[in-house]
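*Asks:* The structure's right below; bear with me while I get my questions together.
The values are calculated or read from the model by the stated rules, or taken from the named source; none is laboratory data. Nothing here was measured: the structure is a model prediction, and the numbers come from that model. Cβ coordinates were reconstructed from backbone atoms using ideal geometry, including for glycine residues, and neighbour counts include every protein chain displayed.
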Amino acid sequence: MQPSELSVPGKPADADSPRPTANVYVDGFNLYYGCVRDTSCKWLDLGKLCRFLLSDYTIHRIRYFTARLRSRPDDPGKPQRQDVYLRALRTIPNLSIHEGFYLETTPRARLANPGPGQPRTVEVLKTEEKGSDVNLATYLLLDAVDQDADVFVVVSNDSDLVTPIEVVRTRFDRAVGLLNPYQRASRRLLEVVAFNRHIRQAALKACQFPLEFQDAYGTIRKPSAW
């Protein structure tokens, strides 16, 4: 059974107590495919989102994990839109970006139901994002060792993170919560986290960057395709 919102670890006993600190670890692609991809909320301000969903805490640090996209014939502007978004994220003072990489291969795969005269296998294009889950787990553990925050919050529904989360909880005595991009949370994750909060569309809509704003290099504009 998951604790209620009123019993979240690290929450101050009264309004006069200082708020506990939270570090947030964002699996960028899990967030995107879980609740952002088919919406008009791609211009997401992660600083605002974390403050909105974790209002009980002072957000000490946000770590964003992603990989550089490649141009595709059906969407040649994808890398440029990502560049603009990463530039927007860099305006958030306590956010850092940690990059993995994309691996594109063309393995052969078996057809489920080949027709008469058809080959049993075909060559498929396989694109994999590599490194982000390992990077996230590594920084989560390193920050736990350093006691960098009171509570650690993971934005993901990836059950591969169960072991590092459990280590943070049992070895370093720090609570770990989820901001979950998916409506149905992984059962394995629910067994090891202190709380699970679903990221709803209302929160995404309330936490968008301005359509146009400034950084040290000039004007940042929301991509027109978004």
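*Asks:* What's the number of the condition Ala194 fails, among (1) surrounded by 12 or more Cβ atoms within 10 Å (Cβ to Cβ); (2) closer than 22 Å to Phe29 by Cβ?
*Replies:* (2)
*Asks:* Turning to a different aspect of this structure: Based on what the data block shows, is Ala112 surrounded by fewer than 16 Cβ atoms within 10 Å (Cβ to Cβ) and at pLDDT below 95? Before you say what the answer is, go through the steps one by one.
*Replies:* On the way: surrounded by fewer than 16 Cβ atoms within 10 Å (Cβ to Cβ): yes; at pLDDT below 95: yes.
Answer is yes for this residue.
*Asks:* Please pick out the residue among Gly218, Gly177 that is in contact with a Phe, Trp or Tyr (Cβ under 8 Å, 6 or more places away or on another chain), small (Gly, Ala, Ser) and either over 18 Å from His60 (Cα atoms) or buried (at least 16 other Cβ atoms within 10 Å of the Cβ) (or both). Before the answer, list the steps.
*Replies:* On the way: Gly218 fails: in contact with a Phe, Trp or Tyr (Cβ under 8 Å, 6 or more places away or on another chain).
Every option except Gly177 fails the conditions.
*Asks:* Related question: With a cut-off of at least 1 residues that are more than 24 Å from Arg37 (Cβ to Cβ), name the strands (runs of 3 or more DSSP E) lying wholly within the stretch 112-192.
*Replies:* Details: elements: 121-123, 126-130, 151-155, 175-180.
Qualifying strands (runs of 3 or more DSSP E): 121-123, 151-155, 175-180.
*Asks:* Counting only residues that are outside any loop (DSSP other than H, G, I, E, B) and out of contact with any strand residue (DSSP E or B) (no Cβ under 6 Å at 6 or more places or on another chain), which one in the stretch 193-202 is farthest from Tyr33 (Cα to Cα)? Talk me through it step by step, then tell me what you get.
*Replies:* First pass over the stretch 193-202, keeping only residues outside any loop (DSSP other than H, G, I, E, B): 195-198, 201-202.
With the extra rule that they be out of contact with any strand residue (DSSP E or B) (no Cβ under 6 Å at 6 or more places or on another chain), the set shrinks to 201-202.
Working: Gln201: 13, Ala202: 17 Å.
Only one residue fits best here, namely Ala202.
*Asks:* Give the stretch 47-74 a look and list any residue that's over 24 Å from Ala137 (Cβ atoms) and out of contact with any strand residue (DSSP E or B) (no Cβ under 7 Å at 6 or more places or on another chain), or say none.
*Replies:* Lys48, Phe52, Ser55, Asp56, Ser71, Arg72, Pro73, Asp74
*Asks:* Looking at Arg174, Arg197, Arg221, can you tell me which residue is within 17 Å of Asp143 (Cβ to Cβ) and at pLDDT 95 or above? Spell out how you get there, then give the answer.
*Replies:* Details: Arg197 fails: within 17 Å of Asp143 (Cβ to Cβ); Arg221 fails: within 17 Å of Asp143 (Cβ to Cβ).
Going through Arg174, Arg197, Arg221 in turn, the sole match is Arg174.
*Asks:* To continue, here is another question. Return the only residue of Arg37, Arg81, Arg70, Arg87 being buried (at least 16 other Cβ atoms within 10 Å of the Cβ), within 24 Å of Asp133 (Cα to Cα) and modelled with pLDDT of 80 or more. Step through it out loud before you land on a result.
*Replies:* Details: Arg37 fails: buried (at least 16 other Cβ atoms within 10 Å of the Cβ); Arg70 fails: buried (at least 16 other Cβ atoms within 10 Å of the Cβ); Arg87 fails: buried (at least 16 other Cβ atoms within 10 Å of the Cβ).
Only one candidate passes the filter, namely Arg81.
*Asks:* Take Asn23 and decide whether it is at pLDDT 95 or above, closer than 16 Å to Ile97 by Cβ and part of a helix (DSSP H, G or I).
*Replies:* It is false that Asn23 is at pLDDT 95 or above, closer than 16 Å to Ile97 by Cβ and part of a helix (DSSP H, G or I).
*Asks:* Something else: Is it true that some residue in the stretch 129-138 is acidic (Asp, Glu) and within 17 Å of the chain's Cα centre (by Cα)? Spell out the reasoning first.
*Replies:* First, pick out the residues of the stretch 129-138 that are acidic (Asp, Glu): 129, 133.
Cutting the leftovers down to within 17 Å of the chain's Cα centre (by Cα) gives us 129, 133.
Yes; the residues of the stretch 129-138 include at least one that is acidic (Asp, Glu) and within 17 Å of the chain's Cα centre (by Cα).
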